[in-house]
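Data block below; observations after.
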Amino acid sequence: MSRDLLYSDQVEELVFCAYRDIAEPDGSATWLYTDEQLAAVPQRARQWALGVGNPVPHAKLQAGERVLDLGCGAGIDVLLAARDVGPEGRVTGLDGLPEMVERARDVAAEAGADTVDIVEGRIDDIPFPDDMFDVVISNGAINLAARKSRVLAEGARVLKPGGRLCVADLTIVEEDLPVEVLTHPSAWAG
């Protein structure tokens, strides 16, 4: 890899490779969830919990709301959101990695979550119309995107007027980092 800054497609490939290479996740992010939340989701969702926070309680979801989870991974937050919005609500998980989409679909099916849709797509080019969702959540995914401002703009675009955005993520460094850090795969995909 060159010492030049990475293009967005290179960042995406680094991130996708890092997540494809996870053979047996250990559920290391389960400590972020309550025992009640963990009991409400299948083991596979707990095992593949890879986020950096627990955005669902902070989103203050209401029955009947439509929710979009950006970078849903294997779907733990999708399932928790579906529980909170109830049978009148709808939760859509969006992830760009086909392997994660398949896992999330399997987990949703195992949980019997019939108000959940899992869609493959980019979080910086959300494949939904304007003003579609009441709430957009994300857990540790925006930091993985090369175009973070684009992700946030897209999230705002698909929110209904007065909608809410609830993100759990890593902080952004305010100073310039050396090129060696900016181009290292672990700087983009942990």
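The values are calculated or read from the model by the stated rules, or taken from the named source; none is laboratory data. It should be emphasised that the depicted structure is a prediction, and the values quoted were computed from it without experimental measurement. Glycine also receives a Cβ, built like all others from the backbone with ideal geometry; neighbour counts cover every protein chain displayed. Areas reflect the complete protein model, heavy atoms only, side chains present, ligands, DNA and RNA absent. Shrake-Rupley method; radii C 1.70, N 1.55, O 1.52, S 1.80 Å.
The figures follow:
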{"quantity": "Residue within the stretch 17-25 that is at pLDDT 95 or above, more than 25 Å from R157 (Cβ to Cβ), more than 17 Å from the chain's Cα centre (by Cα) and open to solvent by 80 Å² or more (accessible area, probe 1.4 Å) present", "calculated": "no"}
{"quantity": "The stretch 141-190, subset part of a loop (DSSP other than H, G, I, E, B), open to solvent by less than 80 Å² (accessible area, probe 1.4 Å) and not hydrophobic (A, V, I, L, M, F, W, C), residue modelled with the highest pLDDT", "calculated": "D169"}
